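Written below as structure tokens is the structure these notes are about.
The values are calculated or read from the model by the stated rules, or taken from the named source; none is laboratory data. If you're wondering where the values come from, they're calculated on a predicted model, not measured in any experiment. No Cβ is skipped: glycine too gets one built from the backbone with ideal geometry, and neighbour counts run over all protein chains shown. Accessible surface is based on the protein model in full, side chains and every heavy atom, while ligands, DNA and RNA are left aside. Shrake-Rupley method; radii C 1.70, N 1.55, O 1.52, S 1.80 Å.
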Amino acid sequence: MSTEDKSQVKIILFTREKDESLHVQDTPMYAPISLKRYGLSEIVNHLLESEKPIPFDFLIDGELLRTSLQDYLIKKGLSSEASLNVEYTRAILPPSYLSSFNNEDWVSSLDVDNESKYIVSGSYDGVVRTWDMSGKIQKQYSGHSGPIRAVKVISSTRLVSSGNDRTLRLWKTKNDDLKSIPQDVDDEDDEANIEDGKTLAILEGHKAPVVSIDVSDNSRILSASYDNSIGFWSTIYKEMNVVDPMEELNNSNNKISTAAKKRRRLTLKDGTIRRRAPLALLESHNAPVEATAFDLNDNTVGYSVSQDHTIKTWDLVTSRCVDTKTTSYSLLSLAQMPTLNLLACGSSARHITLHDPRVDSNSKITQQQLIGHKNFVVTLDTCPENEYILSSGSHDGTVKVWDVRSSTAMYTITREDPAVEKGVNDKVFAVNWADKVGIISGGQDKKIQFNKGDNIFKN
């Protein structure tokens, strides 16, 4: 073979992009082995006859191409006579830093309302806050007697939070746009007297910190607790049974410690707040449950991950565990990628694993591992604009952006505050990828940080 031929390699280009106009014929062609991403992008644009060049990323065997084709061949020990299947996908823009808001204490949890008008944060000072997009605090919600661990927007007039005080709280929020619209079913009579920012009901039933919550589109809540159980609740307090707060204290058979009784009496100071019991407690895990979520396509199905190394699937109609997948490490976070039939789980072993939750799935338990974090992966969220893209936050002080077709991260976001010291106060506890807003993260640095994550394909 002449030297000239060795400088070329046979490639077949293909894509999984939904937009048909980005598809080229998958016929083999020869490309110079010196080509890197930019040169390959030029070839694809030439084949597409694009008026305006579109930047592309390239994946070979599930690996993002960050070098020349020649370096890839050498690294993999392949000869230039090999034929490479090269997948191309629209390149996403780097998640550049935009701004930060200052919070009073560590930020444990973040959510954004459906219209991307405001942000909700949970903090270790026990306060839930809503922020407008300019960083102004709209409202502070006080009531929890310990650090907040999770917050979720239910609707434009409702929030739910949970924390180390073992309770969830339903909050009433103000929304001026809704004055003319009829309110929720349970908004009548006595509730009309509750002012905005106040607790509608305390949801009791867990015996340890409640560290994760999810809300479904049919007025249901799932909560994950360190008491090894998952709580199943309603966003409408009238649908749940009343809890008598005195019953526990007055029952002489209850072996309750003096400290617990004292704590209980303190929480009863405001005896006017309604207390409600769960619709069901889901028990099957044998270690703390770290995260729980409703199936995005079927709200009668739930998922949970735990320090007992398992992912469980729940039938929420019968409150039964219908499937258990066992991994080799404690699982700390969870995100569903519904169009790919995957659950992404962050682990104590510093990687993210992708699993197929379908019960009848005969394939191996772990479909793929995403490797790159250097500490626990405690929070995950998916990109609103692309089904393959995922963000993860870790105690290593970074948020990483992944294309799950590749096992290495595309981008790494670090904390921008100059006062942050690596390994001292840089842990990330929360990440939320919100439509029209971007990638929002919070943690030990007491900052809510914004990085670009909307219009991710804009040239």
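Bin by bin, in steps of 10 Å, what percent of the Cα pairs in segment 1-140 do you find, going until the bin that has the longest distance?
Histogram of Cα-Cα distances, whole percents per bin: 10, 30, 17, 14, 17, 10, 2, 0.
Take every DSSP beta bridge with both residues inside the chain and express the antiparallel ones as a percent of the total, to the nearest 5.
95 percent
Identify the trypsin sites (Lys or Arg not before Pro) of segment 377-459 meeting these criteria: DSSP loop state and at most 11 other C-beta atoms within 10 Å of the C-beta.
Those that pass, being in a loop and sparsely packed, are Lys422, Lys458.
Using volume of the Cα convex hull per residue in Å³ as the read-out, say which of (1) 174; (2) 255; (3) 145 was calculated from these coordinates.
(1)
Just need the relative contact order of segment 287-356 here, percent rounded to a whole number, with Cα pairs under 8 Å and 6+ apart. Intermediate results must be reported in sequence, preceding the final value.
Details: 159 pairs, mean separation 16.3, N = 70.
Computed over segment 287-356, the figure is 23 percent.
State to the nearest 20 debye the size of the charge dipole of the chain about its Cα centre, where the only charges are +1 on K and R beta carbons and -1 on D and E beta carbons.
Taking the Cα centre of the chain as origin, the dipole is about 1540 debye.
Which entries of Lys76/Lys325; Lys198/Lys427; Lys52/Lys400; Lys136/Lys436 have Cα-Cα distances beyond 21 Å here? Don't skip to the end; give the middle numbers.
Details: Lys76/Lys325 33 Å; Lys198/Lys427 31 Å; Lys52/Lys400 30 Å; Lys136/Lys436 18 Å.
The answer is Lys76/Lys325; Lys198/Lys427; Lys52/Lys400.
Could you pull out the chymotrypsin sites (Phe, Trp or Tyr not before Pro) across segment 374-459 that fall in loop regions by DSSP (anything but H, G, I, E, B) with no more than 11 other Cβ atoms inside 10 Å?
none
For segment 75-158, what class follows from the C-alpha gyration tensor (a ≥ b ≥ c being the square roots of its eigenvalues): rounded when a/c is under 1.5, otherwise prolate if a/b is larger than b/c, else oblate?
Judged from the Cα gyration tensor, segment 75-158 comes out prolate (a/c at least 1.5, a/b above b/c).
Express the relative contact order of the chain as a whole percentage, based on alpha carbon pairs under 8 Å and six or more residues apart in sequence.
With pairs under 8 Å counted, the relative contact order is 12 percent.
Can you show me the helix-derived [θ] at 222 nm for the chain, built from DSSP H runs with n ≥ 4 at -39,500 (n - 2.57) apiece and divided by the number of residues, rounded to the nearest 500.
Helices in the chain give a 222 nm mean residue ellipticity of -2000 deg cm²/dmol.
Rounded, prolate or oblate: which fits segment 350-459, taking a ≥ b ≥ c as square roots of the Cα gyration tensor eigenvalues, rounded meaning a/c under 1.5, else prolate when a/b beats b/c?
Oblate, since a/c reaches 1.5 and b/c is not below a/b.
What is segment 279-372 by shape, rounded, prolate or oblate, if you read a ≥ b ≥ c off the alpha carbon gyration tensor as root eigenvalues and call it rounded for a/c under 1.5, prolate for a/b larger than b/c, and oblate otherwise?
Working: a/c = 1.76, a/b = 1.28, b/c = 1.37.
Oblate shape, in that a/c is at least 1.5 and b/c is the bigger or equal ratio.
With a probe of 1.4 Å, find how much accessible area the chain has per residue, and write the answer as a whole number in Å².
Result: 47 Å² per residue.
Ignoring ligands, DNA and RNA, please state the percent of accessible area on the chain from carbon and sulfur, probe 1.4 Å.
Carbon and sulfur together cover 47 percent of it.
How large is Rg/Rh for segment 1-64, to two decimals, with Cα atoms and a Kirkwood Rh? Could you put the intermediate results ahead of the total?
Details: Rg = 12.7 Å, Rh = 12.9 Å.
Over the Cα atoms of segment 1-64, Rg/Rh equals 0.98.
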